[in-house]
1. For Arg123, are the conditions met, namely being modelled with pLDDT of 95 or more and surrounded by 18 or more Cβ atoms within 10 Å (Cβ to Cβ)?
2. Here is a list of conditions, (1) away from the ligand (no atom under 16 Å from the Cβ); (2) open to solvent by 50 Å² or more (accessible area, probe 1.4 Å), and Ser290 meets all of them except one; can you say which number that is?
3. Examine the stretch 261-270 for a residue that is closer than 20 Å to Ser29 by Cα, open to solvent by less than 20 Å² (accessible area, probe 1.4 Å), within 16 Å of the ligand (Cβ to nearest atom) and in a strand (DSSP E or B), and state whether such a residue exists.
4. Filtering the stretch 311-324 down to residues that are free of Cβ contacts under 8 Å to residues at least 60 places away in the same chain and not hydroxyl-bearing (Ser, Thr, Tyr), which residue is surrounded by the fewest Cβ atoms within 10 Å (Cβ to Cβ)?
5. List the strands (runs of 3 or more DSSP E) that sit entirely inside the stretch 323-434 and contain at least 1 residues that are over 30 Å from Val118 (Cα atoms).
6. Quick test for you: out of Phe282, Phe228, Phe237, pick the one residue that is open to solvent by 30 Å² or more (accessible area, probe 1.4 Å) and within 21 Å of the chain's Cα centre (by Cα).
7. Given the condition out of contact with any Cys (no Cβ under 7 Å at 6 or more places or on another chain) and within 30 Å of Ile90 (Cα to Cα), answer yes or no: does some residue in the stretch 199-218 qualify?
8. I need the helices (runs of 4 or more DSSP H) fully contained in the stretch 125-234, keeping only those with at least 3 residues that are touching a residue at least 24 places away in the same chain (Cβ under 8 Å) and of a type outside the set (Ser, Thr, Tyr).
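The values are calculated or read from the model by the stated rules, or taken from the named source; none is laboratory data. A quick note: this is a predicted structure, and the numbers were derived from the prediction, not measured. Positions of Cβ are backbone-derived with ideal geometry, glycine not excepted, and every protein chain shown enters the neighbour counts. The protein model used for the area step is the full one, side chains on, heavy atoms only, and it has no ligands, DNA or RNA in it. Shrake-Rupley method; radii C 1.70, N 1.55, O 1.52, S 1.80 Å.
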Amino acid sequence: MKKVLIIGILAMIIGTQSEAQGFPKPGCSTGVGDWMLKKKDTLGDRGVGDNYHMWENGTVLKVKFMAGGSKALRAKVMECAKEWEKYANIKFSFLPDNSPATELRIKLGKGLGHNSAVGTEARFRKQNEQTINFDTLFFADADYYIASLKKKGINPPYNLTQLITEMKADPNHWNEKELKRVVTHELGHALGLLHEQSFPGVVKWNKSDSVYNYYRETQGWDRDKVDFNVFEISNQFYTNGTKYDPKSIMHYSIAPWQTTDGYSLKDNYELSDGDKKLIAAFYPKGKTESDLAVAKVDVTNVGNLKVVNDMVRKGIVITPSFDVKTNSKIGEVYFVARLADEDGYYLKADGDYYNWGGTLATYRKAILMPNKKISYNKAGQKNLELFIPFDQLPKMGNSKIIVAFAVYMDDVKNKQMNKLMYFSTTTPLSVPSK
Ligand SMILES: [Zn+2]
């Protein structure tokens, strides 16, 4: 997928050869539910705020930069974080690059687009992986670099190499307006906000080939990704009683030809009043918990997922190690281990047992009390075991398996089921062959 995205962006730059257009803009490619194994395993609900992945009110988020990004550029990112702090009871605490454990990790790089994990979904990523990508090529002041090329007597069309060479020779000329727009938007995702254009019943997308082609050519997205990033309509629940806000920093720009009724929208560059109100409602100052809080479990301090072939019991024993913290609401929680082949495709379940949505799995259900913290398989304690007999496995030959561990929650009160609260996978492991 990364490869496709890189090609998409290169095509965009090379395709944009008129100087008037300058650098093109990549769209925000934030995927909701994160991209995991090859069967999409969230319900794909979208909306203005993902209630189930909000950080706890008052959290001080530990943030660091991955390798790359000048001091000057990093300072600009940190400025944008302050903008959200004005309205939300949440802090971004920027730590040194070598900090071992952080919630958010920002990569200022090239070729990965602009995107962010949504709220606590950042916990699904390993500490050596970034949770936010910014493509710095699209922060460059295009007018400035094109002017300097012209001064040297070089006429358009310009190619990517020329522009990168100019940037290297004379760095730190940024399009401040665009930079601020993109960074504020992605940090909005990091706080749990979703795309405003997914507000139900507002944008009547023209789901024609021309729109799919447009996103394929400009972003390198396949049809599934366009459906997911652009056309997805949120469940009414996630609007949290708000009105549609066309001025939101979380809204995509829309061209008239992309809608059936000619509706269009230009990019927004500032936090709207609606953005300020919504983030203040999710993270209220002077209050312990938001009125918008739903049942939620925070899965933290995750240790190694231990997987052992038990030859006596003739099965695979999986012992995940983690802490679970509940908020003031009650939820039904499922600890699920699914099996996938080494290419990342889930194995199919044969019967009614060891079956999670059609995939071969083993799980435990737990009803967790409000405001509790429970440790599983910590400090010598063995209090959660997931087991799957060898005879459930398909013919594997010498191939290996991947174990995907997930925590799901049913918010019965709000009729929002199967919410993914945590997800991680092992490296491929050997199992006894049939
Ligand atoms: Zn976005």
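1. Values: modelled with pLDDT of 95 or more: no; surrounded by 18 or more Cβ atoms within 10 Å (Cβ to Cβ): yes.
No: the conditions fail for Arg123.
2. (2)
3. No, the stretch 261-270 contains no residue that is closer than 20 Å to Ser29 by Cα, open to solvent by less than 20 Å² (accessible area, probe 1.4 Å), within 16 Å of the ligand (Cβ to nearest atom) and in a strand (DSSP E or B).
4. To start, the set of residues in the stretch 311-324 that are free of Cβ contacts under 8 Å to residues at least 60 places away in the same chain comprises 312, 321, 323.
Checking the rest, the ones that are also not hydroxyl-bearing (Ser, Thr, Tyr) come to 312, 323.
Working: Val312: 5, Asp323: 15.
Selected residue: Val312.
5. Values: elements: 331-341, 359-368, 373-376, 386-389, 401-411, 416-425.
Fully inside the stretch 323-434 and qualifying: 386-389.
6. Details: Phe282 fails: open to solvent by 30 Å² or more (accessible area, probe 1.4 Å); Phe228 fails: open to solvent by 30 Å² or more (accessible area, probe 1.4 Å).
Answer to the selection: Phe237.
7. Quick first cut of the stretch 199-218, residues out of contact with any Cys (no Cβ under 7 Å at 6 or more places or on another chain) only: 199-218.
From the residues that got through so far, the ones that are within 30 Å of Ile90 (Cα to Cα) too are 199-200.
Checked against the condition, which is being out of contact with any Cys (no Cβ under 7 Å at 6 or more places or on another chain) and within 30 Å of Ile90 (Cα to Cα), the stretch 199-218 yields at least one hit.
8. Working: elements: 142-151, 160-169, 176-190, 209-219, 223-226.
Output list reads 142-151, 160-169, 176-190, 209-219.
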